[in-house]
Structures are given as structure tokens and as C-alpha cells.
Amino acid sequence: MAEDISETLTELDKALTSIEAVVDPAAKRAEIADLEGQVAAPDLWDDQENAQRVTSRLSQLQGEVERVAGLRQRLDDAAVLVELAGEEGDADSLAEATRETAALRAAIEALEVRTLLSGEYDPREAMVTIRAEAGGVDAADFASMLMRMYLRWAERHGYGTEVFDTSYAEEAGIKSATFQVKAPFAYGTLSVEQGTHRLVRISPFDNQGRRQTSFAGVEVLPVTEETDHIDIPEADLRVDVFRSSGPGGQSVNTTDSAVRLTHLPTGIVVSCQNEKSQLQNKAAALRVLQARLLEKARQDREAELNALKSDGGNSWGAQMRSYVLQPYQMVKDLRTEHEEGNPDAVFDGAIDGFIDAGIRWRKQSETVDA
């Protein structure tokens, strides 16, 4: 038993060493020292944009270095514990080492996936929009199921969320919803969820009990920061106010507090109706609009670079996952082939397997395309 654990720890040591080579803690500590010197400067906040950039980068680097160092220490401690347990025949220590080894495997595999998030906006928080597509009331219900799935996933990880807008369908479910996931690397992590999701089930809205296929679209954008310089002149905006709809408090549905913003140069339209005041809704809608303009700018730059290269069939608009509840139960990612046989758990937020597989698939695709 102790020998098996030792072999596993040796494998994890090799994996962590590979991660350390990518993360390069020594280089990051040197950058941390430089940034700490800048933070200590008395005039740092004279330039607020630079101060935000410096402090944000410092916090990110410190977290990465501490995470790697903590895993290295835990791995060393576990090896010592196994050695002592083997020498003394201590069953309790061996059981503790077994539990710690399993926890280390999960943590190191998660960190390995994190090292693959190297895109320009990957460290950002995420703005997620879900829309009902083909399938009528079943599609609207499916969209609400997906929204709950992602909110439950965030809750499982202790990530904060904020819902900006929910447009409810007449019979059941939602037409669309937009919410923010407030966690480092939320965009890089959730961006692989973008695309068309497909649900197959016996429709609870069909009195003849027929099988129904419905679709919902997921859009994931990076949240803008003050340093992004997404300036939106008032002349470029049309602001419409309207009465909020759907479930709400006593005042939500009785005043014209909801706000719809139309960006005239691009035609992008966003709305927010979840706050009680018109000013709050406008501020929230502006954040969503800025995220969409930032993503459009990124896509425009990418289109210029890829003008002579075909898409290769990896368009985000293609179907990327099927949730089959009838005649069998299976959730399968059509890009990675990752699948789960318990749809209830998936809809309750257990989607880390899909996300990890998606990140690895994307990185492999980028390597092949390069």
C-alpha cells in the first residue's frame, strides 16, 4: 500500500515539476519584487490606471506563486508521511497519506489545466449570456436550466455572481439572461462553454408526451477593466427605458426602471432590468456593452490575422454539447468526446470535467493550427 502511494507521489512530483517549468516561479518572484517596489512608491495612485494595472498584476502573480509553492510543500510533506507510516506500520498515518494524495492529484490536475489559460483576456472575470434558440417553450426552459447549471457551478467553487438581465418567456423559462462570474480566470475557464447546446427529452410541455429537441446558445465575454479604454460617447448611444417584466420585488415591476442601450455604430443592443433604479440599470448595461465591444475588437483583430486562413470547422456557433434525457441519459461534448452518464448532476453544476476537457482540446487545436 505504501509503495503504491509512493509511486503515485512520484508521478505527481513529475507533473508538478512540469508545471513549475511553465509557471517559472523564480521569474515571477523577480517580477513580484519589482512590482512591490512600484506599489511602495508614494506617487503610485497619481496615475490610477497604472496603479490598477500594477496592483492587479501583483495580486495575480502572488497567488500563482503561492499556489505552486503550497502544492510543492504538501507533496514533500506527504512523501515524508508515507515513509514514516511504512517504517512504523502506522495505519492511521497511511490512511491520512492516501487522502492527501488523492487531494493533491485533484489540485495538481486543476493547476495543470490553469497553466493552459494563456490568452490575453483569460485572467478576467466572465460575462455570460444565455439565449433560447430553436425549440419554442422547451428551448426557453432549457435556457433557464443552463443558467442554473452555471450559477450552481460558480456556487460550488465559491465564486460570486451578479445577474444583470433576465428576459422571461411567456409560458416557462427565459428568452435570455446575462450574468457575471466574479473570479480570476473565469473568462478563460468558461470561454470553452461558448456555443450551441442541444437538449433531447420527452417534453413536459407536450400533452402527447412526444420527444422534443431544443437548443440554447451560450456566449462568454471577458469583463472590461478601466485600463481597456472602451470609451462610448453619449452620441453613439440610444437609451430606452421600459417597465421591468417577470418576477421581482414590489417596486421592480411598477416603474420604468429597466434600461435598453443601443450602440448605434455597431448595432449592439443590451438591456438590464434587475436593479431597482434606472441609474443602476444603466450602469450595469454599460458594463455589459463594454464587454461586448471589447470582444468585438478582439474578434476584429483576430479576423485580420486569420484573413487568409480557414476556420477549420471550429466555429463557436456549431453545436458543442448534447444533453440527452430520452431514450437514454447521457451528456456528451461533441468536440472533446467527454461524456457523463448523470445529467442531473451536470445540470446541478458538476461540469468541471467538461470544462477541463474543453481547455485541453482548445490548447491542442491551437497547437495543431499553429
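Bridging of residue 296 to lysines at a Cα separation below 20 Å is possible for 309, once same-chain residues fewer than 8 apart are set aside. Annotation: aspartates and glutamates with alpha-carbon distance below 13 angstrom to residue 175 (same-chain offsets under eight excluded): 133, 138, 141, 165. Counting only alpha carbon atoms, the long axis of helix 91-114 and the longest principal axis of the chain meet at about 50°. Springs between Cα atoms under 10 Å define the GNM used for the chain, and in it the highest mean-square fluctuation of 136, 158, 37 occurs at 37. Calculated on the alpha-carbon coordinates, the convex hull of segment 2-114 measures out at 110 cubic angstrom per residue. Among 93-102, 268-277, 140-149, sorting by the average number of other beta carbon atoms lying within 10 angstrom of each residue, highest first, gives 140-149, 268-277, 93-102. In the chain, the calculated helix contribution to ellipticity at 222 nm averages -16500 deg cm²/dmol per residue, counting -39,500 (n - 2.57) for every DSSP H run with n ≥ 4. In this structure the amide hydrogen of residue 244, modeled in the peptide plane, comes within under 5 Å of the amide hydrogens of 255, 257, 258, none closer than 5 places in sequence on its chain.
Listed by chain and number, the lysines whose alpha-carbon sits under 17 Å from that of residue 363, ignoring those within fewer than 8 places in the same chain, form an empty set. Normalising the average separation of contacting C-alpha pairs (under 8 angstrom, six or more residues apart) by the number of residues puts the relative contact order of segment 2-114 at 40 percent.
Against the main long axis of the alpha-carbon atoms of the chain, helix 48-88 sits at an angle near 40°.
Database remark: amide H of residue 134 closer than 5 angstrom to the amide H of 215 (H placed geometrically; neighbours at sequence offset of 5 or more, or on other chains; Pro and chain starts carry no H).
Helix 136-156 and the longest principal axis of the C-alpha atoms of the chain enclose an angle of approximately 40°.
No value in this document is a laboratory result; all are computed from the given coordinates. This is a predicted model, so every value here is computed, not measured. Reconstructed Cβ throughout: ideal geometry from the backbone, glycine too, with neighbour counts over all protein chains shown.
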